[in-house]
Amino acid sequence: MPELNMQEMIKVKNLAGWDVSFPRIFCNGANDTGVNIKRNNFVMLSRAEINAQFDAQNVHFVGEDGKGKRARVYVENKDCRIYAGFENAEGTVKQDILTDDKIREMFEIKAMTAFEEEVKGRIVTDAEKEKIVSAIKRLGLNDFKKIQFIEKYTGYTVES
């Protein structure tokens, strides 16, 4: 594998429904206030900074399991995700994040009991709860019973 450029700037997306902030490990001087990623936005960070955040086990990056599940940010660089152990080079292991496609797949589940179990197993954190509720309107999902369940389960209201 070729040596990676540690100064390469890489996109880091906010997956949460609110701003995400954390201190930099490689500070840019006394006036460095850290990193703030606005809701539905991204920042560009160096590969060195991203790898240092992984190494420091920053929950925003590594999630609740240390393997990227339920992470609050997503690093849009496969080599970085492989470095962190979230994925493998063969592509058979991928970081488990909640995407619009996965939300659509959940809503395609026919049996209500199976849908409820999938939601309870998949949607756990406040960030995931907010994401599914905001995605319902954005994606045009319109199954009344499923939306009622989501609202009750998450405590959030789908706004019309």
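The values are calculated or read from the model by the stated rules, or taken from the named source; none is laboratory data. Since the structure is predicted, the reported quantities are computational estimates derived from the model, not experimental observations. Cβ sites come from the backbone with ideal geometry, for glycine too, and all protein chains shown count toward neighbours.
General remarks:
- If the condition is being in contact (Cβ under 8 Å) with a residue 40 or more places away in the chain, crowded, with 17+ Cβ neighbours inside 10 Å and among the aliphatic types (A, V, I, L, M), then region 17-52 contributes Val20, Ile50.
- Criterion (surrounded by fewer than 13 Cβ atoms within 10 Å (Cβ to Cβ) and under 22 Å from Phe42 (Cβ atoms)) met by exactly one of Asp55, Asp101, Asp126, Asp79: Asp101
- Just one of the numbered conditions (1) under 27 Å from Glu151 (Cα atoms); (2) of a type in the set (Val, Ile, Thr); (3) in a helix (DSSP H, G or I) is not true of Ile82: (1).
- Criterion: in a loop (DSSP other than H, G, I, E, B), under 20 Å from Lys129 (Cβ atoms), modelled with pLDDT of 90 or more and not β-branched (Val, Ile, Thr) - qualifying residue of Ala71, Ala16: Ala71
- Any hit, region 91-101, residues being more than 25 Å from Val158 (Cα to Cα) and either touching a residue at least 24 places away in the same chain (Cβ under 8 Å) or assigned by TED's automatic domain parsing to the domain that holds Ser134 (or both): yes
- Taking the listed residues Cys80, Cys27, the one that is farther than 30 Å from Asp143 by Cβ, within 17 Å of the chain's Cα centre (by Cα) and not assigned by TED's automatic domain parsing to the domain that holds Ile123 is Cys80, with no other qualifying.
- Residue count, region 63-77 (criterion: in contact with a strand residue (DSSP E or B) (Cβ under 8 Å, 6 or more places away or on another chain) and either aliphatic (A, V, I, L, M) or outside the structural domain of Arg39 (by TED's automatic domain parsing) (or both)): 2
Here's the yes/no breakdown for (1) loosely packed, with under 10 Cβ neighbours inside 10 Å; (2) β-branched (Val, Ile, Thr); (3) in contact with a helix residue (DSSP H, G or I) (Cβ under 9 Å, 6 or more places away or on another chain); (4) not in a loop (DSSP other than H, G, I, E, B):
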site: Ala89; (1), (2), (3), (4): no, no, yes, no
site: Ile109; (1), (2), (3), (4): no, yes, yes, no
site: Ala114; (1), (2), (3), (4): no, no, no, yes
site: Glu118; (1), (2), (3), (4): no, no, yes, yes
site: Ile136; (1), (2), (3), (4): no, yes, yes, yes
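- Residues being in a helix (DSSP H, G or I) and surrounded by 15 or more Cβ atoms within 10 Å (Cβ to Cβ) - total across region 138-150: 4
- For Ala89, the stated conditions hold: it is more than 15 Å from Lys146 (Cα to Cα) and not basic (Lys, Arg).
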